Amino acid sequence: MSGELYGGRYAGRRVLVTGHTGFLGSWAVRWLSVLGAQVAGYSRGQRAAETPADPGLRAFAGDIADAGCLSAALAAFRPEIVLHLAGSTVVAAGFRDPAATFRSNVAGTTAMLDAATRQPSVRCVVVMGTPAVTHLGDDLQLGPYPASKLAVEACVAAYAHVRTQQEAGRAEPLRIGLARPGVMIGGDWAEGRLLADVVRAIRDGQPVTLGAPGAVRPWQHVLDGVSGALALAARLEAGPAPRRRYDFGCVGHGAGVSVENVVGGFLAAYGVPGWPVRTAGGGAGDRVELGFAAAQADLGWRPVWDLSRALTACAAWYQAAQAGPGALAATTDDQITAYAADAGHAWADAGEPATT
């Protein structure tokens, strides 16, 4: 079923994924392979020991902000589609080192868009955004991570501008889109990831510590986020989309749920419902919501797994990680297959993501 999604648009296509060793990228390259794409990855980091190896992948090593290295990789692989998933995503790290966050997110996006604009083979680029981006108030106070992502949106707007494309001398304009998923959960071990921190606490025999138990986020499985980026890229590869920025949220699926309740649901799915949880922060916490009306109207996309199903999949993935690389790779692939089958039904009801 997975190969039939997106109207077969990815079969035989050359797709470059930046940040392919990271959270979203590691899931994206495996799914793209199932979809029949020729996949290459670009990343400076090594694959995490507890992340499945990428099957049949051509890998380029380099810093995302290294314009020369990026240009060489694009010239060598000649991708038709670029999924820009690289960047700094840890909010706390942004406060510790704002310059590194801006270099990764802003300079990295600029280098990638510039290289893609000058590479004739590239037809479209999808840049991953975040619901953390809102706007700057008159007090001009914003955390480094959301500030960097706000700047990323400005970069997309600048490179998508018709005059920028004309000055680059392209035969046809590069189609650039920005995809904003919700707060994704799934197989990942990065610092500051909610469920990864929970699993590490369980492994160490320690209580789970929550800094903002009342915070509400638009939770969704990572495959919902990846599927949104794939839906937008498939549409852009076929022709211009009605909008450049799309929200791929989860209203009605994972919305309105606090950190504390997400952790409680995960502990139950993981098989340790009575595990101790303590609070290191106070207050009710803030609330972030994200819809998907435009994505459904223009692309036929909607979220597939509700929060309960997502947490069950997450628990199975982290449990498989303890059984070894083979079990983890099999679980990852099984979840992609299951999600794709469910997506086929869900999107048929919504209208299959537009590709023509």
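With equal scatterers on the alpha carbons only and no solvent term, can you work out the Debye log10 of I(q)/I(0) for the range 99-183 at 0.14, 0.23, 0.26 1/Å? The Debye formula, applied to the Cα set alone, gives -0.51, -1.09, -1.26. Here the calculated FRET efficiency for residue 161 and residue 135, from their Cβ-Cβ distance with R0 = 35 Å, stands at 0.95, rounded to the nearest 0.05. Each DSSP beta bridge with both residues in the range 164-265 is either parallel or antiparallel, and the antiparallel ones are about 20%. Overall, the anisotropy analysis places the range 104-256 in the prolate class: the square-rooted eigenvalues a ≥ b ≥ c of its C-alpha gyration tensor yield a/c not less than 1.5, with a/b exceeding b/c.
For the range 183-257, just say rounded, prolate or oblate: build the C-alpha gyration tensor, square-root its eigenvalues into a ≥ b ≥ c, call rounded for a/c under 1.5, and beyond that prolate if a/b exceeds b/c, oblate if not. Because a/c hits 1.5 or more and a/b exceeds b/c, the range 183-257 counts as prolate.
For the chain, adding -39500 (n - 2.57) for each run of n ≥ 4 DSSP H residues and dividing by the number of residues yields -13500 deg cm²/dmol at 222 nm.
Pull up the DSSP beta bridges for the range 9-350 and report the antiparallel fraction as a percent, rounded to 5. Bridges in the range 9-350 that DSSP calls antiparallel: roughly 5 percent. Taking a Cβ cut-off of under 13 Å around residue 114, the surrounding Lys, Arg, Asp and Glu residues balance to a net charge of 0, with basic ones at +1 and acidic ones at -1. Taken along its principal axes, the alpha carbon cloud of the chain reaches lengths of 61, 50, 38 Å, longest axis first.
Positive end of the charge dipole of the chain (Lys, Arg +1 and Asp, Glu -1 on Cβ, about the Cα centre): tell me which of 41, 348, 25 has its Cα farthest that way. Final value for the positive-end residue is 41.
Each of 75, 104, 220 was placed along the dipole of the chain (beta-carbon charges, centred on the mean Cα), and the one lying farthest toward the positive end is 75. What you get for the chain, charging only the Cβ of Lys and Arg (+1) and of Asp and Glu (-1), is a dipole of about 620 debye around the Cα centre. Ordering 264, 336, 65 by Cα displacement along the dipole of the chain toward the positive end leaves 65 in first place; charges were set at the Cβ atoms of Lys, Arg (+1) and Asp, Glu (-1). This model, with +1 at the C-beta of Lys and Arg and -1 at the C-beta of Asp and Glu, gives the range 46-202 a dipole about its Cα centre of some 380 debye.
The numbers here are math on the coordinates, done by the rules we state, and not lab data. It should be emphasised that the depicted structure is a prediction, and the values quoted were computed from it without experimental measurement. No Cβ is skipped: glycine too gets one built from the backbone with ideal geometry, and neighbour counts run over all protein chains shown.
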